[in-house]
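Enquirer: Take this structure first; my questions come after.
Each value in this text was obtained by applying a stated rule to the coordinates, not by laboratory testing. Because the structure is predicted, anything quoted here is derived from the model rather than measured. Ideal geometry is used to build each Cβ from the backbone, glycine not excepted, and the neighbour counts take in all protein chains shown.
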Amino acid sequence: MALELTAARPDPALLDLPWRRPLEDWPEEILAALPRGISRHVVRFVRLSGRVLAVKEIKADIARREYEMLRDLRRLGMPAVEPFAVVSGRVDADGEPLDACLVTRHLQYSLPYRALYSQSLRKGTATRLIDALAVLLVRLHLAGFWWGDVSLSNTLFRRDAGAFAAYLVDAETGELRPRLSNGQREHDLEIARVNIAGELMDLDAGGLLQEERDPVEVSERIVTRYRELWSALTTEETFADTERWRVDDRIRRLNKLGFDVDELELTTDVDGTSIRVQPKVVDSGHHSRRLLRLTGLDVRENQARRLLNDLEVFAASTGRQGEDEEIVAHDWLARVYEPTTRGVPRELVAKLEPAEVFHEVLEHRWYMAEKAQHDVPIQLALDDYVARILPGKPDERAVVGIDTEELPVLADDSLR
Amino acid sequence: MATVKFDEATRIYPGNDTPSVDKLDIDIQDGEFLVLVGPSGCGKSTSLRMLAGLEEVNGGKIWIGDRDVTDLSPKDRDVAMVFQNYALYPHMTVADNMGFALKIAGVDKGEIRKKVEEAAGILDLTQYLDRKPKALSGGQRQRVAMGRAIVRSPKVFLMDEPLSNLDAKLRVQTRTQIASLQRRLGVTTVYVTHDQVEAMTMGDRIALLKDGLLQQCATPREMYDKPANLFVAGFIGSPAMNLVDVPAASDGAKFGNHTVSIPREGGKGGDRVIVGVRPEDVELTTNNDGLELTVDVIEELGADAYVYGTPTDDKIKLHGGDDNLAKPFIARVDGRKVPEKGQTIYVYPKGEHMHVFDPESGARL
């Protein structure tokens, strides 16, 4: 049987990988030393043409389905890993068929939750991860995606101005529907809660959980956060005709949560004394879209929020609040943002992404100023941060961390 | 433990004119292993999800025991989707891997240990309870995953194509294990598969669906021996039943020049009938008695062989059963008496072993 490669933009170098060997036996020299999370299947990370790829061994039909699903999700603008190829028709040296492989691109600067726990953590990491996962789940549900296997393991996290942004990694069990029923959403939520509790209990059993809080209690947060966000985004509100400002208020509240309202349903009752309002189409990324428009910077939601705040401070401190926003933003970019992010020496750029460095420098400046009891120029904060703080951080561009074991339950030959 | 009842349960997806599941009526006994089977798009997964509370029911009702669960949320139905989540946690003991969901549900420690020990006994895992899952074999890990569902003592187990991502060998082993475990536990189970072999080997009863409609619900033996219609006849059995469109006269159906007597209940059936013969029920001769075939392929199996032939008379039509594609006539013959490729042979149904269907409605006559 011939090796079959499905890819949008195939990289010929893919063919050089040892497809005739079971993934488990791939030689170490081609593997990128990335942590391997809990997985049902064998998963490996390889370096190829200057990028890191994740390779998962599964049956061909499932691989193709997941490849398509990930493409659909990305088309819908959902945060998910980028599918790269499906390799099928594999046989081993003896001509025995091997399972197909789904290849996805590794998300730069992303962190599996287990790697996060191997670092010494700021307090509250678990809750911040769960908050990010809740946002992801709400977005997926709004788009009609029924995940089926929500967990921390099936999610990757990127730093987002001190918080995290979550990305879907595993779409194997997922389905896209025009709309999800409450039962389907509740089912995902219940799976999420049970999985998160299990994952945290496992960290606890492995001595990796430094927080004192009970995993069960922490896992309940996914339910409360999800429900809060879902109801903020979808609840129908009714108010009197004299309170029209509340329509605007609703939109502002959604913006504050990071969502734009693309379509709003407004209905008045027969005698026109009350208005009902319900958001129909909401889209996350309110701040990051605004920042992109103003500066061309493509960063995550909280980073964008932070950068926009700094831009506002810049406008105020230079007395240019009345000026055209875009011109001020351009100046801020040239005079504040770029000098700061370029001030990171080459050998330290793999530590954190530029926008996250900027956020950290701002945080650092605040601590310095508090200590000194007066304002500190950003250049001074940057110098101090680069000299004392940044070198101590792990490289996160392509995370090298603990190598966790994987335990496929159903992929073993020794059934007894 | 409980009975399950689909009572004219109907699901219509928004934007669709035809129901995906149309007035499904099935009574499942306490402790029974029922398999929902059918080709893709037949409504089997949708039916299971209606029972699980994951699909809205647009008409009819669903009962678990004497409780109407039609509008209950999934959590409140006391059902467990087994094998939905395969991950085992490496740092936790086997006991904790089995019992952690109870901990989340707020069950007290002593009670959890008791339930875990009970389940471990049934699953032959008692001696491994304090080990880490890494030390277990694949089969044992799988039993731990089952254990996770068992400790919750749900009223009904639900399984949706749990073997679909396994290779052929592992599928066979695993399905035997699931079936025997279910029998030991005696928990009512509804199992979805597209594979008729899986359905035949595992189920106490099989419900076969097509286009959202229940075709037949019966024991594997009954489905095989008395298929209710052409679709069931073509779907159940491997290789599939031969379905031959033949002329019918007052004395019976004409299998070539061989007349076989057929039942004519209430005078039904016109001048043609479809006769179904399973490959093992074919009488094969070389002396111009029966339907004339040219042998295309011989498949040797050792003790037996399968003979694949095409009718010489191209007016004789063979029904494809479930997929309606042209297909050869298949006969199982003694491995010592195998005809040769290209040879002309004659076939007719052996004794009483045949099935007669109305060519219009497809119903069994």
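Enquirer: So, with +1 on the Cβ of K and R and -1 on the Cβ of D and E, and no other charges, what is the size of the charge dipole of the protein assembly as shown about its Cα centre, to the nearest 20 debye? Could the numbers behind the result be given before it?
Expert: Working: 102 positive and 127 negative charges, 262 e Å.
Approximately 1260 debye in magnitude.
Enquirer: Shifting gears a bit: Helix-only mean residue ellipticity at 222 nm, chain B, DSSP H runs n ≥ 4 weighted -39,500 (n - 2.57), per residue, nearest 500. What is it?
Expert: Working: 8 runs with 84 residues, N = 365.
Rounded to the nearest 500, it is -7000 deg cm²/dmol.
Enquirer: A further question on this structure: Which of A:G50, A:G77, A:G144 moves most in a GNM of chain A, Cα contacts under 10 Å?
Expert: Of A:G50, A:G77, A:G144, the Gaussian network model singles out A:G50 as fluctuating most.
Enquirer: I've got another one for you. Where q = 0.19, 0.22 Å⁻¹, what log10 of I(q)/I(0) comes from the Debye formula for segment A:287-392, counting one point per Cα?
Expert: Values, matching the q order: -0.99, -1.24.
Enquirer: What is the mean number of Cβ atoms from other protein chains located within 10 Å of the Cβ atom of each residue in peptide B:139-146, rounded to a whole number?
Expert: Details: counts 7, 5, 8, 5, 3, 2, 2, 1.
If you average over the peptide's residues, the count of other-chain Cβ atoms is 4.
Enquirer: Can you give me the convex hull volume of the Cα atoms of segment A:111-234, divided per residue and expressed in Å³? Show your work: numbers first, answer last.
Expert: Working: hull volume 12.2 nm³, N = 124.
Taking the convex hull of the Cα positions in segment A:111-234, it is 98 Å³ per residue.
Enquirer: Now, a different point. Return the loop-located GluC sites (Glu not before Pro) in segment A:188-272 (DSSP other than H, G, I, E, B) with at most 16 other Cβ atoms within 10 Å of their own Cβ; answer none if there are none. Could the numbers behind the result be given before it?
Expert: Details: sites: A:E190, A:E199, A:E211, A:E212, A:E217, A:E220, A:E228, A:E236, A:E237, A:E243, A:E263, A:E265; in loops: A:E211, A:E212, A:E236.
Of the GluC sites (Glu not before Pro), the ones in loops of segment A:188-272 whose Cβ has at most 16 other Cβ atoms within 10 Å are A:E212, A:E236.
Enquirer: On to the next question. Cα-based Rg (one decimal) and Dmax (whole number) for segment A:237-284, in Å?
Expert: 11.2, 35
Enquirer: Can I ask one more? As an exercise, use a Förster radius of 30 Å and the Cβ-Cβ distance of A:Y367 and A:D16 to find the FRET efficiency, rounded to the nearest 0.05. Each step should come with its number before you reach the end.
Expert: On the way: r = 49 Å, r/R0 = 1.64.
Result of the calculation: an efficiency of 0.05.
Enquirer: Next question. Just to be sure I understand: with springs between alpha-carbon atoms less than 10 Å apart, which residue in B:G15, B:G342, B:G351 has the highest mean-square fluctuation in the Gaussian network model of chain B?
Expert: Of the options given, B:G15 has the highest mean-square fluctuation.
Enquirer: Between B:R336 and B:A135, what's the calculated FRET efficiency when r is the beta-carbon distance and R0 is 41 Å? Round to 0.05.
Expert: Numbers: r = 51 Å, r/R0 = 1.25.
The formula returns an efficiency of 0.20 here.
Enquirer: Which pairs in the list B:K5/B:K44; B:K61/B:K155; B:K75/B:K103; B:K103/B:K132; B:K23/B:K75; B:K169/B:K226 are over 21 Å apart, alpha-carbon to alpha-carbon?
Expert: Details: B:K5/B:K44 15 Å; B:K61/B:K155 18 Å; B:K75/B:K103 16 Å; B:K103/B:K132 18 Å; B:K23/B:K75 25 Å; B:K169/B:K226 30 Å.
The answer is B:K23/B:K75; B:K169/B:K226.
Enquirer: Each label point is 7 Å from the Cα along the Cα-to-Cβ direction; what then is the distance between the points at B:N58 and A:S231, in nm?
Expert: Calculated label separation equals 3.0 nm.
Enquirer: What angle, in degrees between 0 and 90 and rounded to the nearest 10, separates the Cα long axis of helix B:109-122 from the longest principal axis of the Cα atoms of chain B?
Expert: On a 0 to 90 degree scale, this one is about 30.
Enquirer: If each of B:S361 and A:E326 carries a label point 7 Å out from its Cα toward its Cβ, how far apart are those two points in nm?
Expert: 7.3
Enquirer: With runs of 4+ DSSP H residues as the only contributors, calculate the mean residue ellipticity of chain A at 222 nm using -39,500 (n - 2.57) per run, divided by the residue total and rounded to the nearest 500.
Expert: Details: 12 runs with 162 residues, N = 416.
Computed ellipticity for chain A at 222 nm equals -12500 deg cm²/dmol.
Enquirer: Tell me, what does the Kirkwood hydrodynamic radius of chain A come to in angstroms if you use every pair of distinct C-alpha atoms? It would help to have the intermediate numbers written out before the result.
Expert: Values: mean 1/r = 0.0420 Å⁻¹.
23.8 Å is the Kirkwood radius here.
Enquirer: Using a simple spin-label model with points 7 Å from Cα along the Cα→Cβ vector, what separation in nm is obtained for A:T238 and B:D76?
Expert: Rounded to a tenth, the inter-label distance reads 2.4 nm.
Enquirer: Regarding segment B:240-357, what are the three Cα extents along the principal axes, ordered largest first, in Å?
Expert: 45, 31, 24
Enquirer: Can I ask one more? Give me the net charge of B:P311's neighbourhood, meaning all other residues with Cβ under 14 Å from the Cβ of B:P311; Lys, Arg count +1, Asp, Glu -1.
Expert: On the way: positive: B:K254, B:K315, B:K317, B:K327; negative: B:D245, B:E292, B:D296, B:D313, B:D314.
Taking every other residue near B:P311 into account, the sum is -1.
Enquirer: Further question: Mind listing P(r) for segment B:107-198? All alpha-carbon pairs, 5 Å bins, whole percents.
Expert: Reading the bins upward from 0: 2, 12, 23, 23, 19, 13, 5, 2, 0.
Enquirer: Next question. Send over the per residue convex hull volume for the protein assembly as shown, Cα only, as a whole number of Å³.
Expert: On the way: hull volume 174.2 nm³, N = 781.
Given the Cα convex hull of the protein assembly as shown, per-residue volume reads 223 Å³.
Enquirer: Next question, about the same structure. Quick one: pull the percentage of alpha-carbon pairs in segment B:130-277 with a separation above 18 Å.
Expert: Working: 7348 of 10878 pairs.
Considering segment B:130-277, 68 percent of its Cα-Cα pairs are separated by more than 18 Å.
Enquirer: Full-extension gain between A:Q210 and A:D383, please, as 0.36 nm times their residue separation minus the C-alpha to C-alpha distance. Display every interim value, and only then the final one.
Expert: Numbers: separation 173, 0.36 × 173 = 62.28 nm, distance 3.18 nm.
Net length gain for the segment: 59.1 nm.
Enquirer: Next question. In Å³ and rounded to a whole number, note down the convex hull volume per residue for the Cα atoms of segment A:120-164. Write down the numbers at each step before the final one.
Expert: On the way: hull volume 3.4 nm³, N = 45.
For segment A:120-164, the hull spanned by Cα atoms encloses 75 Å³ per residue.
Enquirer: Over all alpha-carbon pairs in segment B:1-124, figure out the percentage whose distance exceeds 25 Å.
Expert: Details: 3001 of 7626 pairs.
Of the Cα pairs, 39 percent sit more than 25 Å apart.
Enquirer: Treating only the Cβ atoms of Lys and Arg (+1) and Asp and Glu (-1) as charged, compute the dipole magnitude of segment B:1-160 about its Cα centre; round to the nearest 20 debye.
Expert: Charge dipole of segment B:1-160: 940 debye, to the nearest 20.
Enquirer: Of the DSSP beta bridges with both residues in segment B:4-230, give the percent that are antiparallel, rounding to the nearest 5.
Expert: 50
Enquirer: Could you work out how far the C-alpha centroid of segment A:73-146 sits from that of segment A:178-210, in angstrom?
Expert: Their Cα centres are 16 Å away from one another.
Enquirer: Can you tell me the dipole magnitude for segment A:111-234 around its Cα centre, using point charges on the Cβ only (Lys, Arg +1; Asp, Glu -1), in Debye to the nearest 20?
Expert: Details: 15 positive and 18 negative charges, 111 e Å.
I would put it at about 540 debye.
Enquirer: Quick one: plug the Kirkwood hydrodynamic radius of segment A:4-106 (C-alpha pairs) into Stokes-Einstein at 4 °C, 1.567 mPa s, and report D in µm²/s.
Expert: Working: Rh = 14.0 Å.
In µm²/s, the coefficient is 93.
Enquirer: Could you work out which residue, out of B:L209, B:L284, B:L301, moves most in a Gaussian network model of chain B, that is, has the largest mean-square fluctuation with Cα springs under 10 Å?
Expert: B:L301
Enquirer: While we're looking at this one, here's another question. How many lysine pairs are close in chain A, with Cα atoms under 23 Å apart and the two 8 or more places apart or on different chains?
Expert: Summing the qualifying lysine pairs gives 6.
Enquirer: Right, something else. Assuming R0 = 56 Å, can you tell me the calculated FRET efficiency for the pair A:T224 and B:L301, based on Cβ-Cβ distance, to the nearest 0.05?
Expert: 0.35
Enquirer: Would you kindly work out the equivalent ellipsoid of chain B from its C-alpha gyration tensor and give its semi-axes, the square roots of five times the eigenvalues, largest first in whole Å? All intermediate terms of the calculation are to be shown ahead of the outcome.
Expert: Working: eigenvalues 434, 129, 44 Å².
The equivalent ellipsoid of chain B has semi-axes of 47, 25, 15 Å.
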